[in-house]
Amino acid sequence: MAYQTILVDTQDNITTITLNRPEVLNAFNNEMAAEVLAALKQAERDSATRCLVLTGAGRGFCAGQDLEVLRARPEGVSFREHLLRTYNPIISRLRTMEKPVIAQINGAAAGAGFGLALACDLRYMAASAKFRFAFSGIGLAPDSGTSYFLPRLIGYARAFELAATNLPVAANAALELGLVESVFPDETLAAEVRTIAARLAHGPTRAIGLLKRAMNKSFELSLDEALDYEAHLQEIAGQTADHHEGVAAFLEKRTPVFLGK
Ligand code: T3D
């Protein structure tokens with residue numbers, strides 16, 4: 001499929017989606033939201049994709065909603081309807097997709113762009129990049145999952161402070177807060193993420209998908225329910241070729257070759 005606002009590239013079982021409106025730090029217009037959603041659906045379906053990386057072209061990761069587009073929106077257009085059509089399906093798809101998703105945060109991530117990064121399973125950040133909540137900066141309430149992910153990642157008070165003050169969060173502060181897994185020098189970010197993505201892309205994709213499902217669901221379960229759900233998922237994982245390969249490789253003292261099946 002030919003996209004106008006994003007680049008999509010699959011190599012060595014890693015699909016990279018690059019947001020590509022660099023003149024506005026990859027802020028979202030409607031076309032980009034539709035294209036990101038289409039690319040996510042495609043990556044989910046495509047068995048060649050076993051790890052997904054999201055990043056931005058140029059010096060930004062994603063500045064959230066394009067504010068010129070927002071200002072030009074006809075009077076009376078519902079914010080709720082807009083979110084239900086654009087950001088909400090993107091954020092939920094990132095969480096339900098049973099493949100590992102990495103945010104390669106090459107530059108500023110703000111508003112819905114911050115939400116996009118938070119919805120990924122893992123976040124790696126360039127040393128010069130920053131987060132900005134942004135919603136409160138323009139008199140809006142949080143969206144794109146930011147009110148859900150932030151307190152879960154860093155606790156209520158820190159999330160509240162970051163959101164209500166709208167102060168920028170530099171990469172090292174983000175690392176200290178637990179918002180990102182690692183910070184890398186700008187020049188080596190892509191290579192470092194590639195190494196991590198390659199390891200994930202050659203892992204037991206079904207089992208990784210199931211562990212993602214289990215961990216996401218755990219927030220709404222009691223221990224007994226979680227144990228029961230684990231047993232249910234293990235029934236599925238136990239039938240996979242990768243499970244059999246993993247056991248065989250261990251006993252034969254060799255490196256397993258997982259095929260994602
Ligand atoms: O219904 C709905 O749509 C509601 C949904 C809302 C979702 C949201 O995401 S709301 C939040 C929208 N985003 C923002 O408010 C963020 C605004 N941008 C910033 O705060 C800063 O630009 C950044 C923190 C992202 C980066 O700061 P900095 O200093 O590195 O860059 P800059 O100089 O501010 O921006 C560079 C250019 O990008 C500049 O254009 P210029 O002067 O070079 O021509 C700037 O205007 C443009 N830009 C940045 N963000 C946006 C943008 N243009 C349009 N929309 C933006 N969001």
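The values are calculated or read from the model by the stated rules, or taken from the named source; none is laboratory data. Given the structure is predicted, the values throughout are model-derived calculations rather than measurements. In this analysis, Cβ positions are derived from the backbone assuming ideal geometry, glycine residues included, and neighbour counts consider all displayed protein chains. Accessible surface areas use protein heavy atoms only, side chains included; no ligands, DNA or RNA. Shrake-Rupley method; radii C 1.70, N 1.55, O 1.52, S 1.80 Å.
Electrostatic tally near Glu44: other residues with Cβ closer than 10 Å to its Cβ, Lys and Arg +1, Asp and Glu -1, net +2. Label zone of Ala190 (point 7 Å out along Cα→Cβ, amide N under 19 Å): in the stretch 124-163 this covers 124-130. Kirkwood radius for the chain, taken over all pairs of different Cα atoms as the inverse mean of 1/r, rounds to 19.3 Å. Only lysine pairs 8 or more places apart or on separate chains count here, and in the chain those with Cα atoms under 30 Å apart total 16. Here Glu31 sits with roughly 80 square angstrom of accessible surface, probe radius 1.4 Å. Oblate is the label for the stretch 27-129. Its Cα gyration tensor axes, ordered a ≥ b ≥ c, give a/c of at least 1.5 and b/c at or above a/b. The solvent-accessible area of Phe258, taken with every protein chain present and a 1.4 Å probe, is close to 40 Å².
For the chain, adding -39500 (n - 2.57) for each run of n ≥ 4 DSSP H residues and dividing by the number of residues yields -14500 deg cm²/dmol at 222 nm.
The distance separating the Cα centre of the stretch 180-243 from that of the stretch 47-64 comes to 19 Å. Which net charge results when you count Lys and Arg as +1 and Asp and Glu as -1 among the other residues whose beta-carbon is under 14 Å from that of Val169? Local charge sum for Val169: +2.
Other residues whose C-beta falls under 14 angstrom from the C-beta of Gln11 contribute a net charge of -1, scoring Lys and Arg +1 and Asp and Glu -1. The amide H of Ala129, built 1.01 Å from its N in the peptide plane, has Ala171 as neighbours under 5 Å, considering only residues 5 or more places off or on other chains.
Rounded to the nearest 10 square angstrom, Cys51 shows an accessible area of 0 square angstrom against a 1.4 Å probe.
Below 8 Å, C-alpha to C-alpha, sequence gap of six or more: please give me the relative contact order for the stretch 133-261 in percent. Reported as a whole number, the value is 20 percent. In order along the stretch 99-109, phi translates into HN-Hα couplings of 9, x, 10, 10, 8, 9, 8, 7, x, 4, 10 Hz, rounded to whole numbers, per the Karplus curve 6.51 cos²θ - 1.76 cosθ + 1.60 with θ = phi - 60° and x for Gly and Pro. Of the GluC sites (Glu not before Pro) in the stretch 193-261, the ones in a loop by DSSP (not H, G, I, E or B) with at most 11 other beta carbons within 10 Å are Glu220, Glu252. Phi angles across the stretch 26-42 convert, under the Karplus curve 6.51 cos²θ - 1.76 cosθ + 1.60 with θ = phi - 60°, into 3J(HN,Hα) values of 6, 5, 7, 10, 4, 5, 5, 4, 5, 6, 4, 4, 4, 5, 5, 4, 5 Hz, Gly and Pro given as x.
Can you give me the relative contact order of the chain as a percent, contacts being Cα pairs under 8 Å and 6 or more apart? It rounds to 17 percent for the chain.
Applied to the stretch 232-239, the Karplus parametrisation 6.51 cos²θ - 1.76 cosθ + 1.60 on θ = phi - 60° returns per-residue 3J(HN,Hα) values of 4, 5, 5, 4, 6, 4, x, 8 Hz, with x for Gly and Pro. Overall shape: oblate for the stretch 71-225, with the ratio a/c of the largest to smallest alpha carbon gyration tensor axis at 1.5 or above and b/c at least equal to a/b.
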